[in-house]
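Q: Next up is a structure, given as structure tokens.
The values are calculated or read from the model by the stated rules, or taken from the named source; none is laboratory data. In this text the structure is predicted, and so the values were computed from the model without any measurement. Cβ sites come from the backbone with ideal geometry, for glycine too, and all protein chains shown count toward neighbours. The accessibility values were calculated without ligands, DNA or RNA, using every heavy atom of the protein model including side chains. Shrake-Rupley method; radii C 1.70, N 1.55, O 1.52, S 1.80 Å.
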Amino acid sequence: MDTGADRAEGRATNQATNQATDKTEPELARAARLLASASRARMLKALSDGRPLAVTVLAAEAGVSVPTASVHLTQLAEAGLVRAEHSGRHRYFRLAGPDVAAALEALAVIAPPDPTPVTTLRAHSRHDALRRSRTCYDHLAGSLGVALMGAFLGQGLLRQEKSDSASGSRPDQPASFGRQATYHLTPRGTERFTRFGIDVDELVQGRRPVVRYCVDWSERRHHLAGALGAAVAARFFDLDWLRYGVSPRVVHLTDAGRGGVRDAFAIEIAG
């Protein structure tokens, strides 16, 4: 006789079998274990500007020895979070791609503040610089990145399409991945970015989504990602509007950049 208990047991068995054979299930626990190490997390954060860094640099960022850093990086590489590059006798590492950077930025939004007190002028200056302007893999983040996103929307270069879950949120609420939105490049934006020196047609024909966003961990607002976000950042560097800082991820807007951003996008950035 087929009882309710028998049917429930059968469903549980089938579910367990499907879970065991479904190879598409992401191994969240494995990724979480890798990120649970403070040393590995610091190295991943240092790599979040998209540039390759030497093992010695990453070891210094993590506060560990070079052999220990090599072990950590091997584990991250085996998990597909970073990849190694060789230049002569030297070995460098970079993030495996923009999806890894986006995941790290998303985790930073929900992560508790670092309890370590900022006690030195150097640490305080670095903290302020990261919040002011930094790279999130290959696009701009921090208050600069959020200001650019706001200007692009305000000037009609991008159009926001909110989902049903976002329709009830107030405009002054912090952004989160629970209030999703979709952004589209407008005809006005295509014209303006083309005049700015970006090949929009090439972006549209590429495999990467043209417009994506990240929730900025320091500003709790969206900043521009995707192919367009990368192209805007690259153009800023080409024009010498941006220069890398001493610390990983930190970028500085030059005097030419402040004038250029004001003239091109009507944004006033304090010096």
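Q: Run down Arg83, Arg40, Arg7, Arg30 and say which single residue is part of a helix (DSSP H, G or I), open to solvent by 80 Å² or more (accessible area, probe 1.4 Å) and at pLDDT 65 or above.
A: Arg30
Q: I'd like the residue in the stretch 120-162 that is part of a strand (DSSP E or B) and modelled with pLDDT of 90 or more and, out of all such residues, is most open to solvent (accessible area, probe 1.4 Å).
A: Arg159
Q: With the checklist (1) free of Cβ contacts under 8 Å to residues at least 24 places away in the same chain; (2) of a type in the set (A, V, I, L, M); (3) touching a His at 6+ places or on another chain (Cβ under 6 Å) in hand, flag the one item Ala233 doesn't pass.
A: That leaves (1) as the condition not met.
Q: Related question: Which ones in the stretch 61-80 are under 23 Å from Leu28 (Cα atoms) and open to solvent by 50 Å² or more (accessible area, probe 1.4 Å)?
A: Val71, Thr74, Gln75, Glu78, listed by residue number.
Q: Could you grab me the full set of residues in the stretch 211-240 that are over 17 Å from Ala103 (Cα atoms) and open to solvent by 30 Å² or more (accessible area, probe 1.4 Å)?
A: Ala234, Arg235, Phe237, Asp238, Leu239, Asp240 - these are the residues of the stretch 211-240 that are over 17 Å from Ala103 (Cα atoms) and open to solvent by 30 Å² or more (accessible area, probe 1.4 Å).
Q: Which pairs have Cβ atoms under 8 Å, sit 6 or more apart or on different chains, and link a residue in the stretch 100-114 that is closer than 17 Å to Leu34 by Cα and modelled with pLDDT of 75 or more to one that is in a helix (DSSP H, G or I) and open to solvent by less than 30 Å² (accessible area, probe 1.4 Å)?
A: Cβ pairs passing all conditions: Val100/Leu44; Ala101/Ser48; Leu104/Leu44; Leu104/Ser48; Glu105/Ser48.
Q: Can I ask one more? If Cys214 passes every condition in (1) under 13 Å from the mean Cα position of the chain (by Cα); (2) among the hydrophobic types (A, V, I, L, M, F, W, C); (3) closer than 18 Å to Ile267 by Cβ but one, which one does it miss?
A: Every condition holds for Cys214 apart from (3).
Q: May I pose another question? Scan the stretch 71-80 and tell me whether some residue there is of a type outside the set (A, V, I, L, M, F, W, C), within 26 Å of Ala181 (Cβ to Cβ) and at pLDDT 90 or above.
A: No, because not a single residue in the stretch 71-80 is of a type outside the set (A, V, I, L, M, F, W, C), within 26 Å of Ala181 (Cβ to Cβ) and at pLDDT 90 or above.
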